[in-house]
Amino acid sequence: MTERRLTPRVDIAIPAFVSGAGRRRESCSALNVSSHGAFLETAKRFLDEGSPVELAFVVTRGTVARVFSRKGVVVRVTGDGVGVLFSGACGSFGLSEAGSLG
């Protein structure tokens with residue numbers, strides 16, 4: 001498969017929430033994140049390719065938790081979750097290349 005990502009993703013599992021397709025916010029895990037997108041592991045399939053979504057990522061550093069909100073569109077659907085392309089660049093959530101907070 002040809003790599004189409006604009007920027008490399010950092011492998012890290014962080015809590016997240018996703019809403020879209022007229023549904024309430026669902027809990028999920030962001031398994032990897034970049035400045036342009038993320039892959040979200042979801043417990044059930046409720047989003048289709050092309051669906052606009054709103055995301056909230058929970059990043060914890062020590063005893064401080066920060067929530068980063070982003071809008072995007074589902075660009076890939078698998079049996080495990082969805083790939084999302086963010087609407088506009090968003091930075092790296094404070095993640096290092098090694099996948100740790102820093």
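The values are calculated or read from the model by the stated rules, or taken from the named source; none is laboratory data. This one's a predicted model, so the numbers in the text were calculated from it and none came from an experiment. Here Cβ is always computed from backbone atoms with ideal geometry, including for glycine, and neighbour counts include all displayed protein chains.
Checking each residue in region 31-48 for being within 11 Å of Gly81 (Cβ to Cβ) and buried (at least 17 other Cβ atoms within 10 Å of the Cβ) picks out Leu31, Asn32, Ala38, Phe39, Leu40, Thr42, Leu47.
Identification of strands (runs of 3 or more DSSP E) wholly contained in region 1-99 with 3 or more residues that are within 15 Å of the chain's Cα centre (by Cα), modelled with pLDDT of 90 or more and polar (S, T, N, Q) yields 26-33.
Checking each residue in region 32-87 for being touching a residue at least 40 places away in the same chain (Cβ under 8 Å) and of a type in the set (Val, Ile, Thr) picks out Val33, Thr42, Val58, Val59, Thr60, Val74, Val82, Val84.
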